[in-house]
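Visitor: For reference, the structure I am asking about is given below.
Quick note: the coordinates plus some simple rules give every number you see, no bench work behind them. Everything quoted here is computed from the prediction, not taken from an experiment. A quick note on method: Cβ atoms are made from the backbone with ideal geometry, for glycine too, and the neighbour counts reach across all protein chains shown.
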Amino acid sequence: MDSNDPNVAEWVRHISYARYPHAAAIVLGGSHANGTANPRSDVDIAVIDNSVDAAYRESNIVEGKPVEWFVFTEKALPRFFREARRTALPTVLRLLACGRWLESSHGCRRWHSRAALFLAAGPAGWSLDEMNQARYELTELLEDLEENRDRIERLVVAQQLGVRLIRFYLRTEACWLGEGKWLWRMLELYNRGMASRYAAALDRLGREDDELPLIRLADEILDANGGRWFDGYYAEMRQLAD
């Protein structure tokens, strides 16, 4: 089944009502909603059902197809919207704002417009403490990359640096983040030039074992936000529970 299958919407309705007979809304999300699905793509389905005890996410195989369920009550949705803004991870907002609403009660439909408004507003601002913590972590990774001569260890450090660098850049630019492939997609969407430079730096490291382009790019991004930070860093350590 792919996104061009005319029966996909009916199939989603069928399995959703079989599982959630009291559903107030059914939303098809992800690649099946935007027309980019292939036969192996997960089927992302958001369900608003006020009869469930709590919101949850569940993955399972339904009639041979991988399905990701995102189940909410209307009472829980405002908390998820606020959490999306706080963490800059818009998974729920994107599902409801950009998905295909297959069925919904009149009252539920308002969540589509609310999600779109939250998505357009962008994430909450990054606090100075959060940014400085990220600066410190990036500084440590950069120093490890510069000083370590073991190739495999450098590649592991570079992988961590690469992910955290995208997150740092997008957060300091007040942009939404993403998880997995969506982090890269958000960088491409926001600044294709920066994405190209980042990809070239990673390619140079992988092909030629040359970390300098990645280090230079990281320093450029850090310098625009106070530079590397080690001297004077302070953070209280939480006591471990017995």
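Visitor: Relative to the Cα centre, what is the charge dipole magnitude of region 37-141, using +1 at the beta carbon of each Lys and Arg, -1 at the beta carbon of each Asp and Glu, and rounding to the nearest 20 debye? Intermediate results must be reported in sequence, preceding the final value.
Guide: Working: 14 positive and 14 negative charges, 97 e Å.
That gives region 37-141 a dipole magnitude of about 460 debye.
Visitor: Between residue 223 and residue 57, what is 0.36 nm times their sequence separation minus the Cα-Cα distance? Round to one decimal in nm. Walk me through the numbers before you get to the answer.
Guide: Details: separation 166, 0.36 × 166 = 59.76 nm, distance 3.95 nm.
Extra length available between residue 223 and residue 57 comes to 55.8 nm.
Visitor: Compare the Cα positions of 17, 107, 36 along the charge dipole of region 8-121 (+1 at Cβ of Lys, Arg; -1 at Cβ of Asp, Glu; about the Cα centre) and return the one farthest towards the positive end.
Guide: Value: 107.
Visitor: Can you tell me the relative contact order of the chain? Whole percent, Cα pairs under 8 Å, sequence separation 6 or more.
Guide: Values: 321 pairs, mean separation 35.1, N = 242.
Once divided by the residue count of the chain, the mean separation gives 15 percent.
Visitor: When the helix-only estimate is applied to the chain (DSSP H runs of n ≥ 4, each -39,500 (n - 2.57), divided by the residue count), what is the mean residue ellipticity at 222 nm, nearest 500 deg cm²/dmol? Walk me through the numbers before you get to the answer.
Guide: Numbers: 10 runs with 128 residues, N = 242.
Taken over the chain, the calculation gives -16500 deg cm²/dmol.
Visitor: Charges at C-beta only: +1 for Lys and Arg, -1 for Asp and Glu. How large is the resulting dipole of the chain about its Cα centre, in Debye rounded to 20? Spell out each step's value before the answer.
Guide: Details: 31 positive and 37 negative charges, 238 e Å.
Once rounded to the nearest 20, the dipole reads 1140 debye.
Visitor: What size of dipole, in debye to the nearest 20, comes out for region 128-223 about its Cα centre when the only charges are +1 on Lys and Arg C-beta atoms and -1 on Asp and Glu C-beta atoms? Before the final figure, lay out each step's value.
Guide: On the way: 14 positive and 21 negative charges, 115 e Å.
Approximately 560 debye in magnitude.
Visitor: Please compute the alpha carbon radius of gyration of the chain, then divide it by the globular-protein estimate 2.2 N^0.38 Å. Two decimals is fine.
Guide: Details: Rg = 21.3 Å, N = 242, 2.2 N^0.38 = 17.7 Å.
Relative to the 2.2 N^0.38 Å estimate, the chain comes out at 1.20.
Visitor: Further, regarding this structure: If I histogram all Cα-Cα distances within region 117-189 using bins 10 Å wide from 0, what percent of pairs lands in each bin?
Guide: Histogram of Cα-Cα distances, whole percents per bin: 18, 43, 30, 8, 2.
Visitor: Mind giving me the FRET efficiency for residue 185 and residue 150? R0 is 35 Å, r the Cβ-Cβ distance, nearest 0.05 is fine.
Guide: Numbers: r = 32 Å, r/R0 = 0.91.
FRET efficiency, residue 185 to residue 150: 0.65.
Visitor: Of the options 132, 168, 26, report the single residue whose Cα projects farthest towards the positive end of the charge dipole of the chain (beta-carbon charges: Lys, Arg +1; Asp, Glu -1).
Guide: Working it through, the farthest residue towards the positive pole turns out to be 26.
Visitor: Follow-up. To the nearest 10 degrees, how steep is helix 181-190 against the longest Cα principal axis of the chain, on a 0 to 90 scale?
Guide: 80 degrees
Visitor: Still on this model: What whole-number distance in Å separates the alpha-carbon centres of region 189-236 and region 1-77?
Guide: For region 189-236 versus region 1-77, the Cα centre distance is 38 Å.
Visitor: On to the next question. Going by alpha carbons, how many degrees (0 to 90, nearest 10) lie between the helix axis of 110-121 and the longest principal axis of the chain?
Guide: Once rounded, the angle reads 10 degrees.
Visitor: By the scheme Lys and Arg +1, Asp and Glu -1, what is the net charge of all other residues having a beta-carbon under 15 Å from that of residue 208? Walk me through the numbers before you get to the answer.
Guide: Working: positive: 151, 154, 204, 207, 216; negative: 203, 209, 210, 211.
Net of charged neighbours comes to +1.
Visitor: log10 I(q)/I(0), Debye, Cα-only region 9-65, no solvent, q = 0.14, 0.15, 0.23, 0.30 Å⁻¹?
Guide: Each listed q maps to, in turn, -0.39, -0.45, -1.02, -1.46.
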